[in-house]
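The values are calculated or read from the model by the stated rules, or taken from the named source; none is laboratory data. Treat the numbers as computed from the prediction; the structure is a model and nothing was measured. Please note: Cβ atoms are built from the backbone with ideal geometry, for glycine as well, and neighbour counts cover all protein chains shown.
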Amino acid sequence: MHYKIYLFDFDYTLADATNGIVESVKHALSKMDFPRPTRDEVRRTVGMS
């Protein structure tokens with residue numbers, strides 16, 4: 001079977017993806033004209049359900 005997308009849960013399951021998550025959130029929010037949060041503000045949400 002051929003898949004178009006492979007999705008992995010990277011939130012500490014396979015590796016520490018904190019830096020990528022923080023940068024992605026900051027980039028997305030700035031593109032939507034929201035204020036850029038600090039690293040700590042984003043970091044507190046990493047791993048939350």
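Residues in segment 14-34 that are at negative phi, part of a loop (DSSP other than H, G, I, E, B) and either of a type in the set (Phe, Trp, Tyr) or at pLDDT 95 or above (or both): Met32, Phe34. What tally of residues in segment 18-36 results from selecting those that are aliphatic (A, V, I, L, M) and free of Cβ contacts under 8 Å to residues at least 12 places away in the same chain? The total comes to 3. Considering segment 35-45, the residues that are within 12 Å of the chain's Cα centre (by Cα) and within 12 Å of Ser24 (Cα to Cα) include one that is surrounded by the most Cβ atoms within 10 Å (Cβ to Cβ), namely Val42.
Quick check on Asp11: is it surrounded by 11 or more Cβ atoms within 10 Å (Cβ to Cβ) and modelled with pLDDT under 80?
Numbers: surrounded by 11 or more Cβ atoms within 10 Å (Cβ to Cβ): yes; modelled with pLDDT under 80: yes.
Yes; evaluated as a whole, the condition is true for this residue.
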